[in-house]
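The values are calculated or read from the model by the stated rules, or taken from the named source; none is laboratory data. Everything numeric in this text was worked out from a predicted model, so none of it was measured. Positions of Cβ are backbone-derived with ideal geometry, glycine not excepted, and every protein chain shown enters the neighbour counts. Keep in mind that these areas ignore ligands, DNA and RNA; they rest on the heavy atoms of the full protein, side chains included. Shrake-Rupley method; radii C 1.70, N 1.55, O 1.52, S 1.80 Å.
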Amino acid sequence: MKPQLTISLLASKQIHAVRKCLDSLVPILMSIPSELIVVDTSEKDYIRELVLQYTPHVIPFHWCNDFSKARNTGMQMARGEWFLFIDDDEWFEDPGEIITFFSSGEYLQYNTACYTVRNYFDWMGTSYRDASLSRMIRLTPEAKFLNPIHEYLSPLREPIKVLSAYVHHYGYTGKVLDSKTKRNIPLIKKELLDHAPTVHNCMQLAQEYISSNEYKKAEKYARKCLDIEYPRNDLGKSWCIAYLPYIIRKQNDYQRAWEEGIKMLRHPLCTETASLRIYVDLIDICVHLEDHEKDIIIYAKAYQQYLHLMDAHPERWTQQTIGILGEHLVKGFKDMVHLLAFRAAVQVEDLESAIFFIEHLPWENGNAEKFYPIFFEMLKEEKNENFLLNLFGKLDISDPLFYMIKSISFWKNKNQKQMEKYFALAIKSHDINILKEAFLLSFQSHGEIPLESILSNTDISQLEEISVYLTSNTETEKLSQWIFLIKPFLSDFSIQSLHFLISFQSKRLIEGVLEIEDNNLFQEVKQYCQWVKESTASIYNEQFLSSCNHDFLPPNYRFALQMEKVFKDLEKSNYPEVLQRLRETIYIYKPFCGVIRRMLSIIADEISQPEQANPEFLALGTQVKYIVRSLIQENRYEDALPFIQQLSTLLPKDLEVVRLRQELWSHMENDTE
């Protein structure tokens, strides 16, 4: 019996990757008549032993830097009606749709099928781009792979089935991508030297140079691709048309990139998909050019119209896809396009366009949360504030951002009841960006907007990020008032309150150390240390704190313990010990170096300060000052000199004496001249 499907896998030396890939294929092999062929390029016994556990069809292949040759070796052995190929660093998330495609008989209606390759750009899997690729074809005698690097199946015959099944692929992460690029560029260039340049090779070389950030070289080969006369209508040319504005933009030549984008939109081979990609780049380019807000709006609306057109004729997505340039890519920019167009509409106060674009952002599924900081930054620009508050008042969208901005609007309009209603709805989201603005607004409103409700909705894990945001968005002199506002909540929300108090007081002391009066500085530091000790005690077990090596405890807590000893010595007026302990403290908590040096200076002055003179002595000093002034007025500078020197010794900090010295020396200098 002829199998419905042949699966061909290239196996390398990465045993864990190969095993993961093979395991993901097992459901297919167990569900439909299928065969698995492994082309083993590893030349390693441990790989061969592994793959033989899954299939007897293992073909040794000595690697020769030719992917097509390796793929064709597997294809030549294939007996299935259809052929599917996969790399060993890919694995299916869920192959159920592929199984259904064959088990239901639907495959009989098609000649080609695509599944998605999800290309990740980081190892955490948070950044990726999907590419729908033609990885499955009906097996015919003329079917084969072309091109040594970036190989592709040919011919691809219609009709084409687009499947949503996808494989994970981490081949574009960091050093993995770098190594592939270094390998691919010389191989493609050799192919160009050995044979006449092809559209595919020039396009692929442009892609590789983009990956290695060599944009001038990428532009060279993209243009070379467009200059190739035959074939005239090749999708590789469409790719180059789409990416030329991007390549030039990456060279920071925005004006030329803009002009190239307009030119490429008129190119006869520019497909709808290429146009969509160009509109994305034109929008980004115009952000960097002055007075192009209206152009951004025009391009964004054109982008939206093309999306509607393509979705109305979904077969065009498949027909126009090449590499990652396809539906997944251009739709992946949709939110960014709408956001940038919204900003442009706000800047030119185009209310209708602003409403259009903001309503197209993904509010329903919560994906708009990533844009919250941008909206809040826009709101802080004075020229935008009234427009945005008016705009949000006209919209009825159930989202925490809208609730938050509506509450701001009602607060400004003195509508306390409505403000509290929307404020409560906003902070129930527990979103970190909403909470940041809620705290900021509450402090700026001097407590009119209640802190209690925000504190009760704040997770402990969010405290650090929120406190950093708050302290970086206010002047040091306002923090005293903020401390006053947060203190009443110490009993009910001790952990949150202490965190903010420590953060606010820390900034006051570090950045405002020169503004605090001498007699207040020690008290302010003492208060800070008390809060640090209370906060640490709420987190750590008391027994642990008393028995643990202090080197393993938070540095601000160790600072507080050292300062506790300083304050005890101060009470006893044990100044030499105070000075010694303060000098040691500098190395315990370096952020407070400036504070400690100021304290050292105050103590040193205290030690050197003579005892307060008695009233008779002060009266005598007043008389001597009078004598000095009289002698200066009579131009008897030499006679005044011994008196002023005596005063300087007896009253070293008397500013009146300082001033008299300046006058005397000034007159003596002029007299000498």
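Figure legend: label point modelled 7 angstrom from the Cα of N365 along Cα→Cβ; no residues of the stretch 292-311 have amide N under 13 Å from it.
Residues in the chain average 51 Å² of solvent-accessible surface per residue, probe 1.4 Å, ligands and nucleic acids excluded. When each of the peptides 226-233, 632-639 is scored by the mean number of other C-beta atoms lying within 10 Å of its residues, the order from highest to lowest reads 632-639, 226-233. R343 contributes an accessible area of around 90 Å² to the protein surface, as traced by a 1.4 Å probe with all chains present. Summarising the label geometry, the points placed 7 Å from Cα in the beta-carbon direction at L192 and R316 lie 3.2 nm from one another. Normalised by the number of residues in the chain, the mean separation of alpha-carbon contacts (under 8 Å, six or more apart) gives a relative contact order of 6 percent. Applying a threshold of 19 Å to the alpha-carbon distances of K189/K216; K180/K250; K189/K217; K180/K220 flags K180/K250; K180/K220 as lying beyond it. In terms of Cα to Cα distance under 25 Å, which lysines are near enough to K414, apart from those fewer than 8 places away along the same chain? Within the straight-line limit of under 25 Å, K414 reaches these lysines: K380, K383, K394, K406, K428, K436, K478.
Solvent exposure of S211, expressed as accessible area, is near 40 Å², computed with a probe of 1.4 Å over the protein chains only.
Answer rounded, prolate or oblate for the stretch 238-368, using the Cα gyration tensor with square roots of eigenvalues a ≥ b ≥ c: rounded when a/c is under 1.5, else prolate when a/b is larger than b/c, else oblate. Oblate is the answer for the stretch 238-368, as a/c is 1.5 or above yet b/c matches or exceeds a/b.
Label the stretch 14-166 by shape, choosing from rounded, prolate and oblate, from the square roots a ≥ b ≥ c of the eigenvalues of the Cα gyration tensor; if a/c is under 1.5 it is rounded, and otherwise prolate applies when a/b is larger than b/c, oblate when it is not. In terms of gyration-tensor shape, rounded. Working ranking of peptides 191-198, 350-357 by packing, defined as the average number of other Cβ atoms within 10 Å per residue, highest first, is 350-357, 191-198. When only Cα pairs below 8 angstrom with a gap of at least 6 residues are kept, the stretch 299-437 shows a relative contact order of 15 percent. Per residue, the average separation of C-alpha pairs within less than 8 Å and at least 6 apart gives the stretch 90-181 a relative contact order of 42 percent. Across every direction, the projection of the convex hull enclosing the Cα atoms of the chain has a mean area of 48.4 nm². Over the chain, what is the percentage of antiparallel beta bridges among all DSSP beta bridges, to the nearest 5? Once the DSSP bridges in the chain are tallied, antiparallel ones form about 45 percent. Using only Cα atoms, tell me the angle between helix 293-312 and the longest principal axis of the chain; keep it within 0 to 90° and round to the nearest 10. Around 30 degrees separate the two axes. The listed residues S506, S494, once ranked by accessible area (1.4 Å probe) with the largest placed first, stand as S494, S506. Taking all protein chains together and rolling a 1.4 Å probe, K568 ends up with roughly 120 Å² accessible.
Largest first, the residues L521, L139 sort by 1.4 Å accessible area into L139, L521. Check the straight Cα-Cα distances from K572 and name the lysines below 26 Å, setting aside those fewer than 8 residues away within the same chain. Here the lysines satisfying the reach criterion relative to K572 are K526, K533, K653.
Helix 215-227 axis versus longest C-alpha principal axis of the chain: approximately 30°, rounded to the nearest ten. In the chain, the DSSP-assigned H stretches of four residues or longer account for a calculated mean residue ellipticity at 222 nm of -19500 deg cm²/dmol, using -39500 (n - 2.57) per stretch and the full residue count as denominator. Ranking H360, H169 from most to least accessible surface, computed with a 1.4 Å probe over the protein chains only, gives H360, H169. Among the protein heavy atoms of the chain, carbon and sulfur supply 50% of the accessible surface, probe 1.4 Å, non-protein parts ignored.
Across the stretch 264-280, computed HN-Hα scalar couplings (Karplus, 6.51 cos²θ - 1.76 cosθ + 1.60, θ = phi - 60°) run 5, 4, 8, 5, x, 9, 6, 7, 4, 5, 5, 4, 4, 4, 5, 4, 4 Hz from first to last residue, x flagging Gly and Pro. Axis angle, to the nearest 10 degrees, between helix 174-194 and the longest C-alpha principal axis of the chain: 50 degrees.
Going 7 Å from the Cα of M1 in the Cα-to-Cβ direction, what parts of the stretch 16-41 have a backbone nitrogen less than 19 Å from that spot? Within reach of a label on M1: 26-37.
How would the stretch 440-588 be classified by its alpha-carbon gyration tensor: rounded, prolate or oblate, with rounded meaning a/c under 1.5 and the a/b versus b/c comparison settling the rest?
Oblate.
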